[in-house]
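First the structure, in the form of structure tokens, and then the observations on it.
None of the figures in this text is laboratory data; all of them are computed from the coordinates on show. The structure presented is a predicted model; accordingly, all values stated were derived computationally and were not measured. Note that we place each Cβ from the backbone using ideal geometry, even for glycine, and neighbour counts take in every protein chain shown.
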Amino acid sequence: MANRRSIIAGNWKMNKTGAEARALAEAFVKEVGAFSGCDIVLCPPFTALEAVRAAIAGAKNIALGAQNVHFEASGAYTGEISVGMLKDAGCAYVIIGHSERRQYFAECDSLVNKKAKAALAGGLKPIVCVGETLDVRDAGGTEKLVRAQIAGGLAGLTAEQMASVVVAYEPVWAIGTGRTATPAQAQEVHGWIRDELKKLFGPAVAGATRIQYGGSVKASNTAELCGQPDIDGALVGGASLEAKGFADIVRAGAKG
Ligand code: PGA
């Protein structure tokens, strides 16, 4: 097995005020602030970035991430946030192309690609999300769709840039539903993703790129999912909103 360091990220979605986020991050730091077994990322809403940044300031292994970004550097884009602003707020990572962005805000692979390029150009590490709906899975279209999402979302990136990219496979039918993909189902898709990365960027990049699983990850299923050969961590929604439970996921997801 390739020597990829696990990365566990918490996607808080549209939850937590500044004060609530700070309290959650502080409680989380008490649990795993000194844990070094894997990379950890907290992705609060924009308005809580500053509070979480302060709370994790002393925890070297916990990084800050945002949930979305605009691809332009500045200008008349009401309501949007730039890469430079996220860097200024202390972010190291940004989630791009989450299925909720694709579903409710019409984000497509070419927009994901623009955002990924902008993030990388500005020094942010993108967590690029892919995944199929239940309809697509039932119709046998998962492999084709996920390969297209990878090829489209990562088009034109260099091998050097790929060293800063994290991919997250999140089957839409498993997000927030309590219905997790089985480790075998997840591994199968992660294998396709790694194979697509190999076609696009060659074996060295494919072997080094970290691919997270996301979709109803909880402490009790993390170890088995992250124990699969091509699963290198987790992107966690609901279960990242509770400090102790998310810390348990972090500990379970570390595999070197
Ligand atoms: P969930 O969400 O863990 O609540 O299923 C995962 C995600 O959407 O990133």
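Counting other beta carbons within 10 Å of each residue's own, what order do Leu111, Leu42, Leu24, Leu134 fall into, fewest first? Could the numbers behind the result be given before it?
On the way: Leu111 19, Leu42 28, Leu24 25, Leu134 13.
If I rank by nearby Cβ atoms, fewest first, I get Leu134, Leu111, Leu24, Leu42.
In loop segments of the range 1-77 as defined by DSSP, the trypsin sites (Lys or Arg not before Pro) with at most 16 further C-beta atoms inside 10 Å of their C-beta are Arg5, Lys60. With no solvent and one point on each alpha carbon, what is the Debye value of log10 I(q)/I(0) for the range 1-134 at q = 0.15, 0.17, 0.19 Å⁻¹? At q = 0.15, 0.17, 0.19 Å⁻¹ the computed log10 ratios are -0.74, -0.93, -1.12.
Given the -39500 (n - 2.57) contribution per DSSP H run of 4+ residues, what per-residue ellipticity at 222 nm results for the chain, rounded to the nearest 500 deg cm²/dmol? Don't skip to the answer; put the middle values down first.
Working: 12 runs with 113 residues, N = 256.
So the helix-based figure for the chain works out to -12500 deg cm²/dmol.
Projected onto planes of every orientation and averaged, the convex hull of the alpha-carbon atoms in the range 201-256 covers 4.1 nm².
Given Cα pairs under 8 Å that are at least 6 residues apart, what percent is the relative contact order of the chain?
On the way: 535 pairs, mean separation 58.9, N = 256.
In percent, rounded to a whole number, it is 23.
All alpha carbon pair distances within the chain were sorted into 5 Å bins beginning at 0; the resulting P(r) in whole percents reads 1, 7, 15, 19, 21, 18, 12, 6, 1, 0.
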